[in-house]
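Just below is one structure, and these are the notes that go with it.
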Amino acid sequence: MFGIFDKGQKIKGTVVLMPKNVLDFNAITSIGKGGVLDAAGSLIGGVTSVVGQVVDTATAFLGRNVSMQLISATKTDVSGKGLVGKETFLSKHLPQLPTLGARQDAFSIFFEYDANFGIPGAFYIRNYTQAEFFLVSVTLDDIPNRGSVQFVCNSWIYNFKSYKNDRIFFTNDTYLPNQTPAPLNHYREEELQNLRGDGTGERKEWDRIYDYDIYNDLGNPDGGDNLVRPVLGGSSDYPYPRRVRSGRKPTRKDPKSEKPGVIYVPRDENFGHLKSSDFLMYGIKSLSQDVLPLFQAVIFDLNFTPNEFDSFDEVRGLFEGGIKLPTDILSKISPLPALKEILRTDGEQVLKFPPPQVIRVSKSAWMTDEEFGREMVAGVNPCVIQLLQEFPPKSTLNATVYGDQTSTITKEHLESNLGELTVEAALDGKRLFILNYHDAFMPYLERINLNAKAYATRTILFLKDDGTLKPIAIELSLPHPNGVQYGSESKVFLPADEGAESIIWLLAKAHVIVNDSCYHQLMSHWLNTHAVVEPFIIATNRHLSVLHPINKLLYPHFRDTININGLARQALINAGGIIEQTFLPGPNSIEISSAVYKNWVFTDQALPADLIKRGLAVEDPSSPHGLRLAIEDYPYAVDGLEIWDAIKAWVEDYVSLYYTTDDAVQKDTEIQTWWKEAVEKGHGDLKDKPWWPKMQSVQDLVQSCSIIIWTASALHAAVNFGQYPYGGYILNRPTISRRFIPEKGTPEYDEMVKSPEKAYLRTITPKYQTLVDLSVIEILSRHASDEVYLGERDSKFWTSDSRAIQAFQKFGSKLTEIEGKITKRNNEPSLRNRTGPVQLPYTLLLRSSEEGLTFRGIPNSISI
């Protein structure tokens, strides 16, 4: 405390918050609370209904219930810390404040002020009530020599006894550590210490502590041998990025595994009902816990509906007529929040899905070779295809363990579909490409095929004169019957458009897509975006103060990611979870992603580096973005390079405001600690790799931040929001294979000739798994009503630095310009890969979107 105040002078503050009763995520728990659930469910449609019983929020927060103390940024006490003002309570409810958002409450507060106090730079806040509330913002007006001061808070405030230290918030000013006003230094470091915790104990609901742990909570050894899964991370056998530590007790049977239970998420990562995206996430949880058992009950009642589709028309019936459901099942599903919108029942006793974009124009164009090739450059997994640079393709698997895994595709196989070209000429002309899943799946096939019938695949494609890709050979491989140490047994299939051979060719393509679907979900989507970003989020919260410019730069790209990753560990990637149920590798799923992580390289996540590594581009100063593409009409690469350059230009503009020399980066203690820990702890299993940036230059900082932002925004959008538009039609993107290619002279072959559709349907994902898959990817492919997109911020007061705001506006204008260019390209008939036979324009990298299933939009962060 400090001296006597002039009672006549006061600083007016406006406090905006949201009461728990409006936001309480846990108010909606399970089937059966009809009224509350209905109100919640309507939020998905964009209606801002109030959930729960509304109390008079004014009386709840007035009196001596919520207090604040200002902290000076310019005057110190005897110990050198910023002066702390007198405890002051909220004064008056302001119900008509015009700037209030939905469900927000505003209160005035009047702080006694003395000129000797200086300019406020922070405040303490205490909640004396038993219920937490969400503090949105605080504005101080009429401060002498300063005017208004903004605090962007966005944080849950629990009863003050929940915390070791009082909760503190800083102004929206920006300071490097060595430029922080001296009175705030102590508070800056103290708050970072609060966020780091001490690494011990089990995390509580109200904790805001960020610490690292391995993926040791995916299995449940105590639940039986079928639920045992390897611990990922912390070993050379199973390397993995780190997740947020929760500190739960170990399982009885395996002390290295953590007991399943409530997934800890640092409190401010879980917004509750603040955002409608939480309803989408909650939809996945409801689906997992409540709906799937009901689906299973219906599907396995063979009198009602067998677990097989009998025709392609029956599959399309999911979107046209729906599946009839028993009344009692429907009554249990319909009240669930989020699922009300997603599982449309239209008042009838049917379960009906929206038609996926891939069949909205043509019901059969998905079957063409051109569409099969196009989806490798403009589909949901466009970042795997490579230039074929050696022939025949070789394996990188250890030959002492896996024998000779070299491809059996011959020149004769290829040249029958190369016209006048030889293989050598096609290779020299960069006309041959490969989609290669052989090495990713071969080590696991013996285990996978205990419950499936799958191959490891290689697909060779030819770049035609019109710019489209034609598949010209598919190799399907199995481990050698005497053991994988003897290599593999392979068959090569060639294109055919009539007779039995055309059906076999369609089945061969389906086996390729099963590989591709699984690789997409586990690697391109989960590992390469969700999992690899989480360590950077943890390190940022632990070591970069909210006052730090790089915290302000990265913050919007981290929103909700820890939350959705926690949900994934609980319902999607866990033992027996949705991924294991609906994708080919089953219980081997996440283990396969660990093997792929061994070869993950941070610097290759930059789109130009990725394209060069895959042989899809070479450096060329005369070409756009300094790269010449091997496939000129490569929608993901063409649009992506524009977005990448815009992100990097914005990061360069912003970083240059605060770092004018490499020396400034080297001497920034927070940046150095942040990067060291992100590498050595967050990605600790790869910490000794030579490719990590050393963080010794402005360029290191710009490139690293650009990669993080690209990964969390555009890369995730490219591999996520096309899931339902392409994969909602299970015939186009099957996830499971249950039959090998039939051999001549077998009953399966005869059935295939007699009934090609039935043979295809018996090979791919069956009905129950299809319903699960569609339900999940529909949720994952949706945008929430309050999504914040690239080039936007959720608060205009994110910084007080007008130079940064100007640079950010320039970034937004550039992104709008890029949207126009993408739309123009989509209307260019010569660019055949932009729309393809299915006539679905490539819009995934248009940055803006409406809510719902739009096949476009780049959110700032991995929020679903």
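The values are calculated or read from the model by the stated rules, or taken from the named source; none is laboratory data. Values in this document were obtained by computation on a predicted structure and should not be read as measured data. With ideal geometry, Cβ positions are generated from the backbone for all residues, glycine too; neighbour counts draw on all protein chains shown. These area figures cover heavy atoms from the full protein model, side chains too; ligands, DNA and RNA do not enter into them. Shrake-Rupley method; radii C 1.70, N 1.55, O 1.52, S 1.80 Å.
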(request) Sort out which residues of the range 500-512 are in contact with a Phe, Trp or Tyr (Cβ under 8 Å, 6 or more places away or on another chain) and either of a type outside the set (Gly, Ala, Ser) or buried (at least 24 other Cβ atoms within 10 Å of the Cβ) (or both), and write them in order of number. (result) Ile503, Ile504, Trp505, Leu506, Leu507, Ala508, Lys509, His511, Val512
(request) Return only the number of the condition from (1) polar (S, T, N, Q); (2) touching a helix residue (DSSP H, G or I) at 6+ places or on another chain (Cβ under 6 Å); (3) under 18 Å from Pro556 (Cα atoms) that Ser848 does not satisfy. (result) (2)
(message) Looking only at residues that are polar (S, T, N, Q) and open to solvent by less than 20 Å² (accessible area, probe 1.4 Å) in the range 467-483, which one is nearest to Glu415 (Cα to Cα)?
(response) Thr468
(request) Select from the range 607-640 the residues that are among the hydrophobic types (A, V, I, L, M, F, W, C) and buried (at least 22 other Cβ atoms within 10 Å of the Cβ) and list them in ascending order. (result) Leu607, Leu611, Leu616, Ala617, Ile631, Ala637, Val638
(request) Determine whether Glu792 is surrounded by fewer than 18 Cβ atoms within 10 Å (Cβ to Cβ), under 26 Å from Val265 (Cβ atoms), at pLDDT 95 or above and not hydroxyl-bearing (Ser, Thr, Tyr). (result) yes
(request) Check Glu371, Glu446, Glu475, Glu375 and return the single one that is farther than 24 Å from Phe740 by Cβ and of a type in the set (Asp, Glu). (result) Glu371
(message) As an exercise: evaluate Ala649 against (1) over 30 Å from Gly223 (Cα atoms); (2) crowded, with 22+ Cβ neighbours inside 10 Å; (3) among the aliphatic types (A, V, I, L, M) and give the number of the one condition it does not meet.
(response) (2)
(message) Testing Val358 on (1) assigned to a helix (DSSP H, G or I); (2) under 19 Å from Asp516 (Cβ atoms); (3) β-branched (Val, Ile, Thr); (4) more than 32 Å from the chain's Cα centre (by Cα), one condition comes back false. Which one is that?
(response) (4)
(message) I'm trying to understand the selection: among the residues of the range 134-169, which are aromatic (Phe, Trp, Tyr) and either surrounded by fewer than 20 Cβ atoms within 10 Å (Cβ to Cβ) or touching a Ser or Thr at 6+ places or on another chain (Cβ under 9 Å) (or both)?
(response) Phe134, Phe151, Phe160, Tyr163, Phe169
(request) Report yes if some residue within the range 584-598 is open to solvent by 10 Å² or more (accessible area, probe 1.4 Å), in a helix (DSSP H, G or I) and farther than 26 Å from Gly223 by Cβ; otherwise report no. (result) yes
(message) Among (1) without any contact (Cβ under 8 Å) to a residue 24 or more places away in the chain; (2) open to solvent by 30 Å² or more (accessible area, probe 1.4 Å), there is one condition Gly197 misses while meeting the rest; what is its number?
(response) (2)
(request) Output the residue which, of all residues in the range 450-466 that are touching a Phe, Trp or Tyr at 6+ places or on another chain (Cβ under 9 Å) and not aliphatic (A, V, I, L, M), is surrounded by the fewest Cβ atoms within 10 Å (Cβ to Cβ). (result) Lys453
(message) Tally up the residues in the range 217-255 that are farther than 15 Å from Asn574 by Cα, touching a helix residue (DSSP H, G or I) at 6+ places or on another chain (Cβ under 6 Å) and open to solvent by 60 Å² or more (accessible area, probe 1.4 Å), please.
(response) 3
(request) Identify all residues within the range 445-480 that are part of a loop (DSSP other than H, G, I, E, B), touching a strand residue (DSSP E or B) at 6+ places or on another chain (Cβ under 6 Å) and among the charged types (D, E, K, R); write none if there are none. (result) Lys464
(request) Would you check if there is a residue in the range 537-555 being within 30 Å of Glu370 (Cβ to Cβ), crowded, with 22+ Cβ neighbours inside 10 Å and touching a residue at least 60 places away in the same chain (Cβ under 8 Å)? (result) no
(message) Can you tell me how many residues within the range 734-765 are open to solvent by 10 Å² or more (accessible area, probe 1.4 Å) and not in a helix (DSSP H, G or I)?
(response) 11
(message) For the range 483-498, which positions are over 21 Å from Gly419 (Cα atoms), at pLDDT below 95 and part of a loop (DSSP other than H, G, I, E, B)?
(response) Gly483
(message) Give all pairs with beta carbons closer than 8 Å in which a residue from the range 431-443 that is acidic (Asp, Glu) meets a residue that is part of a loop (DSSP other than H, G, I, E, B) and open to solvent by less than 10 Å² (accessible area, probe 1.4 Å); count only pairs at least 6 apart in sequence or on separate chains.
(response) Asp439/Gln405
(message) Restricting to the range 814-864, and then to whatever is in contact with a strand residue (DSSP E or B) (Cβ under 8 Å, 6 or more places away or on another chain) and on the phi > 0 side of the Ramachandran plot, can you tell me which residue is surrounded by the fewest Cβ atoms within 10 Å (Cβ to Cβ)?
(response) Gly852
